[in-house]
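Inspection log for the structure reproduced underneath, given as structure tokens.
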Amino acid sequence: MVTITFFQPDGSSVLAAGNEGETVMEVARAHGVEGIEGECGGAMACGTCHVYVDEAFRDAFPAIGHIEDAVLDSTETLRTEQSRLSCQLPVTAQADGARMTVPGATA
Ligand code: FES
């Protein structure tokens, strides 16, 4: 199992366990993480899976792609240097212990 901690803007958190082969979005949804909707099911069409990945875990995930980059530009929530679509973040051993925050502010 791989554990990921999701922080809410108010500082509360959910410690979630997932399996390799899942995406971070799927893990968040399975654990009822508020603010991670994943409406398009991972098709990079909705942006409702936006998270801010802790800097220490940036390299635990593949680099951002062109489509993901464009979708992040159009999300309602504020984009930062740490922004990723959690549906594009595979759960791997390198991601174990990752910390990410659910956006709270709108852009
Ligand atoms: Fe829709 Fe990630 S689930 S963009």
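State yes or no: is E39 in contact with a Ser or Thr (Cβ under 8 Å, 6 or more places away or on another chain), surrounded by fewer than 19 Cβ atoms within 10 Å (Cβ to Cβ) and modelled with pLDDT of 95 or more?
Numbers: in contact with a Ser or Thr (Cβ under 8 Å, 6 or more places away or on another chain): yes; surrounded by fewer than 19 Cβ atoms within 10 Å (Cβ to Cβ): yes; modelled with pLDDT of 95 or more: yes.
Considered against the rule, which asks whether it is in contact with a Ser or Thr (Cβ under 8 Å, 6 or more places away or on another chain), surrounded by fewer than 19 Cβ atoms within 10 Å (Cβ to Cβ) and modelled with pLDDT of 95 or more, E39 comes out as yes.
When E76 is evaluated against the numbered criteria (1) touching a strand residue (DSSP E or B) at 6+ places or on another chain (Cβ under 7 Å); (2) open to solvent by less than 50 Å² (accessible area, probe 1.4 Å); (3) free of Cβ contacts under 8 Å to residues at least 40 places away in the same chain, which criterion, by number, is the only one it fails?
Single failed check for E76: (2).
Working only within region 60-100, note down all residues that are over 22 Å from V14 (Cα atoms) and outside any loop (DSSP other than H, G, I, E, B).
H66, I67, E68, D69, A70, V71, L72, D73, listed by residue number.
Residue by residue through region 24-41, note down the ones that are closer than 12 Å to C87 by Cα, of a type outside the set (D, E) and more than 7 Å from the ligand (Cβ to nearest atom).
V24, V27, A28, R29, I36
Would you tally the residues in region 59-88 being closer than 17 Å to I36 by Cβ and either modelled with pLDDT under 95 or in contact with a Pro (Cβ under 9 Å, 6 or more places away or on another chain) (or both)?
The qualifying residues number 9.
Among the residues of region 3-23, is any within 11 Å of the ligand (Cβ to nearest atom) and either at pLDDT 95 or above or open to solvent by less than 50 Å² (accessible area, probe 1.4 Å) (or both)?
yes
Regarding region 32-42, can at least one residue be identified that is without any contact (Cβ under 8 Å) to a residue 60 or more places away in the chain and under 16 Å from A17 (Cβ atoms)?
Yes, region 32-42 contains a residue that is without any contact (Cβ under 8 Å) to a residue 60 or more places away in the chain and under 16 Å from A17 (Cβ atoms).
Among the candidates A70, A28, which residue alone is open to solvent by less than 80 Å² (accessible area, probe 1.4 Å) and free of Cβ contacts under 8 Å to residues at least 24 places away in the same chain?
A70
For E81, which of the numbered conditions (1) surrounded by fewer than 13 Cβ atoms within 10 Å (Cβ to Cβ); (2) within 12 Å of the ligand (Cβ to nearest atom); (3) among the acidic types (D, E) fails to hold?
Unmet for E81, out of (1) surrounded by fewer than 13 Cβ atoms within 10 Å (Cβ to Cβ); (2) within 12 Å of the ligand (Cβ to nearest atom); (3) among the acidic types (D, E): (2).
Considering only region 42-60, state which residues are more than 8 Å from the ligand (Cβ to nearest atom) and loosely packed, with under 13 Cβ neighbours inside 10 Å.
Scanning region 42-60 gives E55, A56, D59.
Which condition breaks for P103 when tested against (1) open to solvent by 30 Å² or more (accessible area, probe 1.4 Å); (2) assigned to a loop (DSSP other than H, G, I, E, B); (3) in contact with a Leu (Cβ under 8 Å, 6 or more places away or on another chain)?
Just one mismatch for P103, condition (1).
The values are calculated or read from the model by the stated rules, or taken from the named source; none is laboratory data. Bear in mind that the values here come from a model prediction, so they are computed numbers and not experimental data. For neighbour counting, all protein chains shown are included, and Cβ atoms are generated from backbone atoms with ideal geometry for every residue, glycine included. Keep in mind that these areas ignore ligands, DNA and RNA; they rest on the heavy atoms of the full protein, side chains included. Shrake-Rupley method; radii C 1.70, N 1.55, O 1.52, S 1.80 Å.
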